[in-house]
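A.B. asks: One structure, pasted below without further comment.
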Amino acid sequence: MDAKSYLEEIKWTDSRIQNKLVEVQQLRYLALSVSAPVGDITGGSSGTKSNDRLGTVIAKIIDAENEINAEIDRFVDMKRERIALIERIPKQLQQDVIHGHYVQYKSLVDIAKDKGYTYAWILEVHAEALRTVQELIDKLPI
């Protein structure tokens, strides 16, 4: 895997988790909008269809939350692994640029401003840092 894709997995995975969280919010809203059964409160058959719909939505919410929890566990491990690799970059500015861009999701323009360098210089540092990351990736055990 190339260095850029390896590092971008952090943002892609985070985005997938955020999308799933929105889906759960939508399912919760749906569960709240499922109408309560009207009719016999003694447990007759008049409310069965509505109860089934509510049960189905609740089951989907639980399934989605379980998926999200598993994805978050994988995300935390993957992010920790990538940060450990970033911390092995020998030049501090390269570390800062890579960490800022791929872990904190900052633009290279913002990193240049924050660090007091030109955007062109940060682009060069970023390119060199990616080459360093690639060398580190190539040394990882398969």
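A.B. asks: Going down the table (Lys79/Lys115; Lys4/Lys115; Lys4/Lys106; Lys91/Lys115; Lys20/Lys106), which pairs top 19 Å between alpha carbons?
C.D. replies: Correct reply: Lys79/Lys115; Lys4/Lys115; Lys20/Lys106.
A.B. asks: Need one value: the accessible area of Asp138 in square angstrom, 1.4 angstrom probe, rounded to the nearest 10.
C.D. replies: About 110 Å², rounded to the nearest 10.
A.B. asks: Dipole size in debye (nearest 20) for the chain around its Cα centre, Lys and Arg Cβ +1, Asp and Glu Cβ -1?
C.D. replies: Using only the charged Cβ atoms, the result is roughly 180 debye.
A.B. asks: Now for a different question. So how exposed is Arg28, as accessible area in Å² (1.4 Å probe, rounded to 10)?
C.D. replies: 110
A.B. asks: Summarise the accessible area of the chain (1.4 Å probe, protein heavy atoms) by the percent that is carbon and sulfur.
C.D. replies: Carbon-and-sulfur percentage of accessible area, whole number: 55.
A.B. asks: Divide by every residue of the chain the summed helix terms, -39500 (n - 2.57) for each DSSP H run of at least 4, and state the resulting mean residue ellipticity at 222 nm, rounded to the nearest 500 deg cm²/dmol.
C.D. replies: About -25500 deg cm²/dmol.
A.B. asks: Under DSSP H, which helices of the chain have Cα atoms covering 27 Å or more of the helix axis and a Kyte-Doolittle average no less than 0.0?
C.D. replies: Helices passing the filter in the chain: 119-138.
A.B. asks: Okay, moving on. Run the numbers for Val103 and Thr118: contour at 0.36 nm per residue of separation, minus the present Cα-Cα distance, in nm.
C.D. replies: 3.3 nm
A.B. asks: Do any GluC sites (Glu not before Pro) in segment 52-104 lie in a loop, going by DSSP, with at most 14 other beta-carbon atoms within 10 Å of their beta carbon, and if so which?
C.D. replies: For GluC sites (Glu not before Pro) across segment 52-104 that sit outside H, G, I, E and B with at most 14 neighbouring Cβ atoms in 10 Å, the list reads Glu87.
A.B. asks: Oh, and also: Of the options Ala3, Gln95, Thr132, report the single residue whose Cα projects farthest towards the positive end of the charge dipole of the chain (beta-carbon charges: Lys, Arg +1; Asp, Glu -1).
C.D. replies: Positive-end residue among those listed: Gln95.
A.B. asks: Same structure, new question: Tell me the accessible surface of Asp114 in square angstrom (1.4 angstrom probe, heavy atoms of protein chains only), to the nearest ten.
C.D. replies: For Asp114, solvent-accessible area is about 100 Å².
A.B. asks: Under a plain spin-label model, where a point goes 7 Å from the Cα along Cα-to-Cβ, how far apart in nm are Ile83 and Met1?
C.D. replies: The modelled label-to-label distance comes out at 1.7 nm.
The values are calculated or read from the model by the stated rules, or taken from the named source; none is laboratory data. The shown structure was predicted, so the numbers you read here are calculated from the model rather than taken from an experiment. No Cβ is skipped: glycine too gets one built from the backbone with ideal geometry, and neighbour counts run over all protein chains shown. When the accessible area is computed, the model is the full protein with side chains, heavy atoms only, and any ligands, DNA or RNA have been set aside. Shrake-Rupley method; radii C 1.70, N 1.55, O 1.52, S 1.80 Å.
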